[in-house]
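The block underneath contains the structure these notes are about, expressed in structure tokens.
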Amino acid sequence: MPLIFIIGPPAVGKMTVGQELERRTGYKLFHNHVPIEVVAPYFSYGTPQGRRLVGQIRRAFFDAFAADKENGYIFTFVWAFGEPGEREYIDGVAEQFRSAGHKVYWVELEAAFEVRLDRNRSENRLANKPTKRDLDWSDKNIREIQEKYRFNSISGELAYDNYLRIDNSNLPAAEVAKKICASFDFESKATT
């Protein structure tokens, strides 16, 4: 069964596309904020304790998912390209799944910064990510990290098999999910 990575900048629509892909394929979505939101009432993700706990939760889920031969999974991740440890981490997760017999797919989303600022305030994002509900903080955070990190790859930087890059600035999530399914020949389980 597949593991589908959906990577891209904050508020590009990874989770929303993942939700549509889950509806269409039946694969289970484990978006990046699931462990962050579990830990947030106790420790900020910005603290050593928070990062450690989020990492432990992710590892526990990845261990269980990799051992599961019945279900496909979708994982969303904000990759800060060029930052120490980022590529090693994500490649390590991919290798864990490959060595357990799963096929790994990569979807990189990109969208104009202004579009991402609008999406940062979307009802779906705020409903699923309580830590983003302080909109003043969240908007400021997106602007600050946009200046500090690079969240999309440079052409040719990701020479992975089963890789697809989509500019979803003007595409609804359902259309992006449809493109992903068509590109990778995922069987649709959608009823509509």
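Brief remarks on what is shown
- With both labels modelled 7 Å from their Cα along Cα-to-Cβ, the Lys69 to Tyr42 distance reads 3.5 nm.
- For Gln49 and Asp134, a Förster radius of 25 Å and the Cβ-Cβ distance give a FRET efficiency of 0.75, rounded to the nearest 0.05.
- Nitroxide proxy distance, nm - points 7 Å out along Cα→Cβ at Ala60 and Asp118: 4.0 nm
- Averaging the sequence gap over all C-alpha pairs within less than 8 Å and six or more residues apart, then dividing by the number of residues, gives the stretch 2-184 a relative contact order of 36 percent.
- The label-point distance for Leu158 and Leu126, in a model that sets each label 7 Å from Cα toward Cβ, rounds to 2.9 nm.
- Cleavage-rule hits, GluC sites (Glu not before Pro), the stretch 48-138, DSSP coil, Cβ neighbours within 10 Å at most 14: Glu70
- The Ala100 and Ala80 beta-carbon pair, evaluated with R₀ = 25 Å, returns a calculated FRET efficiency of approximately 0.40.
- Counted by neighbouring Cβ atoms within 10 Å, the residues Phe97, Phe184 run from fewest to most as Phe184, Phe97.
- Debye log10 I(q)/I(0) at q = 0.18, 0.19 Å⁻¹ for the stretch 77-174, Cα point scatterers: -1.06, -1.14
- Helices in the chain that qualify as membrane-span-like (whole DSSP H runs, Cα extent of at least 30 Å along the helix axis, mean Kyte-Doolittle hydropathy of 0.5 or higher) do not occur.
- Over the stretch 1-107, relative contact order from alpha-carbon pairs under 8 Å, at least 6 apart, %: 48 percent
- Annotation: for a label point projected 7 angstrom from Cα along Cα→Cβ of Ile90, residues of the stretch 151-186 with backbone N closer than 13 Å are 151-161, 163-166.
Read-outs: derived from the displayed coordinates by stated rules, not from any lab. Owing to the predicted nature of the structure, the values given are computational and were not obtained by experimental measurement. Because the Cβ atoms are built from the backbone with ideal geometry, glycine has one as well, and the counts that use them run over all protein chains shown.
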